[in-house]
1. Just checking, how many residues over the stretch 135-172 are touching a residue at least 40 places away in the same chain (Cβ under 8 Å) and within 18 Å of Thr187 (Cβ to Cβ)?
2. Check Asp113, Asp120 and return the single one that is of a type outside the set (A, V, I, L, M), at pLDDT below 95 and either over 13 Å from Leu34 (Cα atoms) or open to solvent by 20 Å² or more (accessible area, probe 1.4 Å) (or both).
3. Kindly indicate whether Glu180 is in a helix (DSSP H, G or I), surrounded by fewer than 20 Cβ atoms within 10 Å (Cβ to Cβ) and in contact with a Pro (Cβ under 7 Å, 6 or more places away or on another chain).
4. Looking at the stretch 206-229 only, could you name the residues that are open to solvent by 40 Å² or more (accessible area, probe 1.4 Å) and either without any contact (Cβ under 8 Å) to a residue 24 or more places away in the chain or acidic (Asp, Glu) (or both)?
5. Can you tell me which residues in the stretch 156-174 are crowded, with 18+ Cβ neighbours inside 10 Å and not in a helix (DSSP H, G or I)?
Amino acid sequence: VIPDELIRGQLYRRVLDHIHDDDVKKLAHPGMVLRRVTDKIIRDVLARVCGVDVGELGRPQALFQELRKEHALVWLEEDGSLHYRPEIRVPMLNLLVQDKPAEVREIHQAAVDFYIRNGDGIGDRAEELYHRMMLDQSSDQLKDRWTESAGPLLARSIDEYPPRAAAWLGSQMSLNLSDEVRKKAATEDWERYAARKVRDAIRYLNPNGALSILNERSDRSEGSPLYVLEARACLLRNDLASAAVI
C-alpha cells in the first residue's frame, strides 16, 4: 500500500511541474493556500512573498491571465476571480505548509490585511475570516469580525482549519466536528458547540444522547449554560437525584 503522504507528494510535484509559466509557478507555490485569486491579490498579497516582480505596468493582470490558462488548476468564478480546484488544492495544503511555513503564514496575514482594506461584501468578509482562522487567531479576534452570512462560505472548508478554529466555527453554527477538534477546543467554544447539540437532543426527547455529549469533557466555564442543560436532561429521564446535585 502506497502511503497517502507519498501520493500527495507526487501530486504536489506533478501539479507544479505542469504549470507552464515560471512566475505563475512561483505564485502557486505557496500561493495555493489562497482560495481565490485576482490581479489585485497577485499584486498586493502574493508578489512580494513569492518573489515575483510586478513593477511593470499591467504585469499583475498579465499574470492573472496566465494563471487563468491553467484550466486543470483553476476555474473562473462569476465575480471574475480565479478559484483553485479543491480536489487539487486541499490535498496539497499540508505539503505547502511543510515546504514553506513562513511564507504560507505571511500570505495568510497579507490576505487578512488585503480584505480589511478592500473588502466590501460577504464573500470578502468570509475570505478575511478564512485566513484569520488559518492563522489560528483567538476566539475574540474572530468574533469581532464574525457575521452569520459568511458562515456557509466558511463551513465548506471546515477540514482545513486548525482544531481550535474549527471548534470556534462549529460553536457558531450547527456543524459536526471530529473527536480531535472537540477535544482541543477552548472550553467556551466547546460549551457553545455542546449546548447546541444538547438542546437538539433534548428537543427530540433523547436525554441519553444529551448526557453523552455533556460527558465528553468535564471542564466548565464559570456560569456555564451546560449545568442547566445537564439538569434538564436528567429530569427528562426521571433522574431527580442527579438533577438535584448539579
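1. Here the count works out to 1.
2. Values: Asp113 fails: at pLDDT below 95.
From the options Asp113, Asp120, the qualifying one is Asp120.
3. Considered against the rule, which asks whether it is in a helix (DSSP H, G or I), surrounded by fewer than 20 Cβ atoms within 10 Å (Cβ to Cβ) and in contact with a Pro (Cβ under 7 Å, 6 or more places away or on another chain), Glu180 comes out as yes.
4. Scanning the stretch 206-229 gives Asn206, Ser212, Asn215, Glu216, Ser218, Asp219, Glu222, Gly223, Tyr227, Val228.
5. Selection gives Ser157, Tyr161.
Here's the yes/no breakdown for (1) over 15 Å from Leu46 (Cα atoms); (2) open to solvent by less than 40 Å² (accessible area, probe 1.4 Å):
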position	(1), (2)
Lys69	yes, no
Ala72	yes, no
Arg85	yes, no
Glu106	no, no
Gln109	no, no
Asp136	yes, no
Ala150	yes, yes
Leu154	yes, yes
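The values are calculated or read from the model by the stated rules, or taken from the named source; none is laboratory data. This is a predicted model, so every value here is computed, not measured. No Cβ is skipped: glycine too gets one built from the backbone with ideal geometry, and neighbour counts run over all protein chains shown. Remember, those area values only see protein heavy atoms, side chains included, never the ligands or the DNA or RNA. Shrake-Rupley method; radii C 1.70, N 1.55, O 1.52, S 1.80 Å.
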